[in-house]
Amino acid sequence: MSRILVTGMGAISSIGQDVEENYSSLCEEQHGLHGKAIPYSSLKHLPTGEVPFSNEQLAEKAGVDIDAQTWSRTDLLGIIAAQEAVQSAGLVDSDLSKAALISATTVGGMDVYEQYHEALRKKLDPPTNLIAYDCADSTEKIADQFGIMEFVTSISTACSSSANAIMLGARLIKAGKVDRALVGGTEALARFTINGFNSLKILDDQLCQPFDKDRRGLNLGEGAAFLIIESEEAASKRGATPLAELLGYSNRNDAYHQTASSPDGSGAFSAMKETLEMAGIQPDAVDFINAHGTGTGNNDLSESIAIKRLFGKNTPPFSSTKSFTGHTLATAGSIQAVFSILTLNRGKAFANLRFESAIEETDLTPLLETTDVNYKVILSNSFGFGGNSSSLLFGKA
Amino acid sequence: MYIHGAASISPLGNLQHSKNEALPYLESLEPDYAEIIAPRAMRRMGKAVKMGVYCGLKSLKEAGVDQPDRIIVGTGLGCMSDTEKFLNNIVDDQETLLNPTPFIQSTHNTIAGQIALMIKCESYNFTYVHRGFSFESALLDAELFLADNPSENILIGGVDAITPHVHNVGFKLGYAKGKVFDPEAFANPNGPGALLGEGSAFFSVSGEPAAEATKVKGLKMVYKPSTAEVLEAATDLIGETSIDMIVMGNSGDENEDSFYNTIAKTYPKASSAKFKSGVGEYHSATALGMWIGHELIQNGAVHKDIHIVDNREESSNGIDDFDANNVLIYNHFRGNNHGLILLGRA
């Protein structure tokens, strides 16, 4: 069965408009949680990881005509990250016509929809170009940018969505359906989402502190990240330089509660365990864990318990980069994938910012500073509502 | 892939309700959900969740599967009624002290998640949300798993629910019709705009055959194709198989008919069942098309609300006695997402 190689990547988040800027911020321990929610929301006291550009500026970066049709912020972020991924893989559009595109988002063009919602509610005429509100819109706009025709779909499994997009891409390649796939996710902040998480009382009104004993909740973020993954044959045929290998993956369900993780972290535990089994490696071969680590009381305890159950006393160093970017929901898995690959290639593991003291039950301390390392195998976790639990394992190419 | 259990909820048989209520779209004929879903669990569920969970659990029951190996759902818009409710609450309550329930329920993966929760299924759980590929993606995903391990039992389904708001947006944009009309009207071009509807269809499938089971012989998905590319996909899929019936996705929008007409002309001996005459258009409608094809193979009958073009040479039998061995399901969503599924006998 073919090895799955990552040959390109792109990312935009609150800490950088491309992979290099994200890398610099991670090295300099500069978080991006400077946003004050969104202009038409009254929840201004909540820090958010907002990408510091207007839609007009994003459209210019993406090279699209913002007046020609409706672009949701989700569309624009996605196109920018996808363009970088394609470019960094050294591909041109014609290389992609036979590729797959699998993109993830939780609320799609909600940023567009909610702004028109009040007008619709008042029975005013909605603008005739309001079509960008579903989850498939950003996917099709990205597909059409690159002329991707072979296979196009969208996934929404809450906060594990883009990890699952990467997984499906790998499975399509292994099954011989395609040689190459553009996989990842895109998510824009929306008043809908901010109010949703606020109503669940899991937002931190200060900067989040993942894995800390006194953590208060999560900060929301936005962004997009995409990978180009290829079969080993396709990559070597065109002389592509692999950035990493996708060694394993797993999708499990906690089946415990619609929004909360189980106290014993059973979904997280079995996702991580199955991932290592697929890769054929023992837990002690894992050098580092890019944790889901949202900063909520529930997730971080449950994930810590699952990590301890699997790794025991030999728990590898771990960190949550959500302390930099905020929780980017559907995009979290693909952003973490990019960060994991940076760690493998650049020899830097990134800090878990603002951690002060360990959770008593599990006594785990994450990586406190961005550190020089020489890691070969990194596990990345993404969990979400509906019990969705996914893990990915990346190895040095 | 073989279908071992199937269940659906749709507007079939419920046209008069839309007429009586002067609704501009078709609404499902809903069952007594309490047969399958505990009332306490049901209280929080929106219509899409109820329809999905009911059909999911019912098809597992029919297949005699307690624990599927995987749960894979396709839904274009997810739980829109809860999305709308939460959006309204944000405005009405000025972003303070909101009830989180509609937000929780609005998440697209609520349907797959709720089924997993109710039967404590800790395995693979996926939700596809891609317009006219929502159900096709779920079917393809199952096909990939069954190619590796035919003994797995996988629950797949497609579900979407209509709301006044969804219709309103569609109508204003010219995608939706302003009123319902009779199935016979599907015999002729109907002007622009689709007849909107809703529905849910779930299947418990496995790679292992059973006597009398419907076989899913193949699937093709084509994105933004030319007519020639659709024909190529159909030829690839069908080969020399003799098709008895094509379950067609004509939405009532005459601008979308040309692809269907081409396929119908290419297989002149096959009859057609324009299923959206009784179901309406929605993102994951192909799932219901597959349910109709499955029913046809199992029972030889098509619901009276479905417009039939009967091309049989010996048409002595009525449409309630249709001996179909091979059925093609062909559906496209606004010309962009084309799905073709070939069903036959085990």
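The values are calculated or read from the model by the stated rules, or taken from the named source; none is laboratory data. What you see is a predicted model; the values in this text were computed from it and never measured. Note: ideal-geometry Cβ built from the backbone for every residue, glycine included; neighbour counts use all protein chains shown.
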Within the stretch B:202-243, the residues that are of a type in the set (Gly, Ala, Ser) and either more than 13 Å from B:ILE329 (Cβ to Cβ) or in a helix (DSSP H, G or I) (or both) are B:SER204, B:SER206, B:GLY207, B:ALA210, B:ALA211, B:ALA213, B:SER226, B:ALA228, B:ALA233, B:ALA234, B:GLY239, B:SER242
With the structure loaded, tell me whether A:ALA68 is hydrophobic (A, V, I, L, M, F, W, C), crowded, with 24+ Cβ neighbours inside 10 Å, more than 19 Å from the chain's Cα centre (by Cα) and over 30 Å from B:GLU95 (Cβ atoms) or whether it fails that test. no
Filtering the stretch B:65-123 for residues that are in contact (Cβ under 8 Å) with a residue 24 or more places away in the chain, more than 7 Å from chain A (Cβ to nearest Cβ) and of a type in the set (Ser, Thr, Tyr) leaves a count of 4
All but one of (1) surrounded by fewer than 24 Cβ atoms within 10 Å (Cβ to Cβ); (2) over 25 Å from B:THR110 (Cα atoms) hold for A:HIS257, so report the exception by its number. (2)
Kindly check whether there is at least one residue in the stretch A:355-377 that is out of contact with any Gly (no Cβ under 8 Å at 6 or more places or on another chain), assigned to a loop (DSSP other than H, G, I, E, B) and within 14 Å of chain B (Cβ to nearest Cβ). no
Could you say which residue among A:LYS44, A:LYS61 is over 27 Å from A:LEU392 (Cβ atoms), surrounded by 16 or more Cβ atoms within 10 Å (Cβ to Cβ) and charged (D, E, K, R)? A:LYS61
Kindly establish whether B:GLY13 is assigned by TED's automatic domain parsing to the domain that holds B:LYS179 and on the phi > 0 side of the Ramachandran plot. yes
Which numbered condition A:PHE269 fails, given (1) surrounded by 22 or more Cβ atoms within 10 Å (Cβ to Cβ); (2) of a type in the set (Phe, Trp, Tyr); (3) assigned to a loop (DSSP other than H, G, I, E, B): (3)
Condition set under 10 Å from A:ARG3 (Cα atoms) and hydrophobic (A, V, I, L, M, F, W, C), scope the stretch A:236-248, selection surrounded by the most Cβ atoms within 10 Å (Cβ to Cβ): answer is A:LEU246
How many residues are within 14 Å of chain B (Cβ to nearest Cβ), part of a strand (DSSP E or B) and touching a Cys at 6+ places or on another chain (Cβ under 8 Å) if we restrict to the stretch A:210-223? 0
Consider B:GLY158 carefully, then state whether it is of a type in the set (Gly, Ala, Ser), in the same structural domain as B:ILE329 (by TED's automatic domain parsing) and part of a strand (DSSP E or B). no
Pairs needed: first member in the stretch B:159-182, free of Cβ contacts under 8 Å to residues at least 40 places away in the same chain; second member anywhere, part of a helix (DSSP H, G or I) and of a type in the set (Asp, Glu); C-beta distance under 8 Å; at least 6 residues apart or different chains. none
Can you find a residue in the stretch B:53-63 that is facing chain A (nearest Cβ under 9 Å) and over 18 Å from the mean Cα position of the chain (by Cα)? no
Members of the stretch A:90-114 that are small (Gly, Ala, Ser) and away from chain B (no Cβ under 11 Å): A:GLY90, A:SER94, A:ALA99, A:GLY109
Would you confirm, using the coordinates I've provided, whether B:PRO24 is farther than 15 Å from B:ALA287 by Cα, touching a strand residue (DSSP E or B) at 6+ places or on another chain (Cβ under 8 Å) and modelled with pLDDT of 95 or more? yes
Total residues in the stretch A:37-62, condition more than 14 Å from chain B (Cβ to nearest Cβ) and either without any contact (Cβ under 8 Å) to a residue 12 or more places away in the chain or outside any loop (DSSP other than H, G, I, E, B) (or both): 12
Looking only at the stretch A:189-209, which residues are facing another protein chain (nearest Cβ under 9 Å) and not in a loop (DSSP other than H, G, I, E, B)? A:ARG191, A:PHE192, A:THR193, A:ILE194, A:ASN195, A:GLY196, A:PHE197, A:ASN198, A:SER199
The conditions are (1) of a type in the set (S, T, N, Q); (2) within 21 Å of the chain's Cα centre (by Cα); (3) outside any helix (DSSP H, G or I), and A:SER302 fails exactly one of them. Which is it? (3)
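Conditions (1) modelled with pLDDT of 95 or more; (2) away from every other protein chain (no Cβ under 11 Å); (3) in contact with a strand residue (DSSP E or B) (Cβ under 7 Å, 6 or more places away or on another chain), marked per residue:
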| site | (1), (2), (3) |
| --- | --- |
| A:GLU245 | yes, yes, yes |
| A:ASP254 | no, no, yes |
| A:SER261 | no, yes, yes |
| A:GLY280 | yes, yes, no |
| A:ASP284 | yes, yes, no |
| A:HIS292 | yes, yes, yes |
Per the filter on the stretch A:311-354, residues in a strand (DSSP E or B), over 10 Å from the mean Cα position of the chain (by Cα) and surrounded by 19 or more Cβ atoms within 10 Å (Cβ to Cβ) are A:PHE318, A:SER319, A:ALA349
Can you tell me how many residues in the stretch B:268-283 are in contact with a helix residue (DSSP H, G or I) (Cβ under 8 Å, 6 or more places away or on another chain) and assigned to a loop (DSSP other than H, G, I, E, B)? 3
Of all residues in the stretch A:378-397, which are within 14 Å of another protein chain (Cβ to nearest Cβ) and outside any strand (DSSP E or B)? A:GLY384, A:PHE385, A:GLY386, A:GLY387
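Yes or no, residue by residue, for (1) at the interface with chain B (Cβ under 7 Å from one of its Cβ atoms); (2) modelled with pLDDT of 95 or more; (3) surrounded by fewer than 24 Cβ atoms within 10 Å (Cβ to Cβ); (4) under 19 Å from the mean Cα position of the chain (by Cα):
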| site | (1), (2), (3), (4) |
| --- | --- |
| A:TYR116 | no, no, yes, no |
| A:PRO126 | yes, no, yes, no |
| A:THR139 | yes, yes, no, yes |
| A:THR153 | yes, yes, no, yes |
With respect to A:PHE226, determine if the residue is without any contact (Cβ under 8 Å) to a residue 24 or more places away in the chain, touching a strand residue (DSSP E or B) at 6+ places or on another chain (Cβ under 7 Å) and either under 30 Å from B:GLU143 (Cβ atoms) or outside any loop (DSSP other than H, G, I, E, B) (or both). no
When you scan the stretch B:87-108, do you find a residue that is among the acidic types (Asp, Glu) and either crowded, with 20+ Cβ neighbours inside 10 Å or in a strand (DSSP E or B) (or both), even just one? no
Consider B:SER10 carefully, then state whether it is modelled with pLDDT of 95 or more, of a type in the set (S, T, N, Q), surrounded by 15 or more Cβ atoms within 10 Å (Cβ to Cβ) and in contact with a helix residue (DSSP H, G or I) (Cβ under 6 Å, 6 or more places away or on another chain). yes
